[in-house]
Amino acid sequence: MNDSTQPTPLTDLRRRVSSARALIRNVLTELVGRVELRYDFYREWNGCWKVRVDLTQPVRGLIEFTLLDTPGGGMLALPRPLPERWRIETGIGASDGTRWSLDQAGALVSFPPDN
């Protein structure tokens with residue numbers, strides 16, 4: 001796959017925080033059901049935005065997401081690490097309707113992968 005077909009790190013979060021929160025809520029609702037969330041947005045050393053999400057009700061846990069821009073202009077919130085079941089069975093939905101996952105080597109691929 002060439003770089004123009006790959007999501008790229010989201011480096012400009014201005015005016016997109018609400019969209020990122022909604023996307024993360026949608027991803028988690030699809031994968032684990034309704035949960036209460038607290039968000040902590042921060043930038044990595046390379047400028048990419050990440051989000052630590054604290055799940056508080058009805059299950060408890062902490063999950064981290066990397067925010068990416070998709071080739072179609074949407075946003076992808078990729079859980080890190082990506083649980084194996086989600087990686088091979090469901091992929092992760094982006095705001096533009098595309099789905100993404102990681103291959104065996106850890107590279108980002110469209111989901112379901114082309115065979």
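Please treat every number below as a calculation from the coordinates, not as lab data. Here the structure is a predicted model, which means the values were calculated and not measured. Using ideal geometry, Cβ is built from the backbone for each residue, glycine included, and neighbour counts are taken over all protein chains shown.
Stretched out straight at 0.36 nm per residue, the stretch from ASN26 to THR11 would grow longer than its current Cα-Cα span by 3.3 nm. For region 47-115 versus region 1-33, the inter-centroid distance based on Cα atoms is 8 Å. The sum of -39500 (n - 2.57) across all DSSP H runs of n ≥ 4, divided by the residue count of the chain, sets its helix-only mean residue ellipticity at 222 nm to -4500 deg cm²/dmol.
Sorted from greatest to least, the principal axis extents spanned by the alpha carbons of region 3-110 come out as 40, 33, 25 Å.
Selection among PRO71, PHE111, ILE24 by position relative to the dipole of the chain gives ILE24 as farthest towards the positive end (Cβ unit charges, Cα centre). The charge dipole of the chain, taken about its Cα centre with unit charges on the Cβ of Lys, Arg, Asp and Glu (plus for the first two, minus for the last two), comes to roughly 500 debye. The value for region 59-115 of Rg(Cα) / (2.2 N^0.38 Å) is 1.11.
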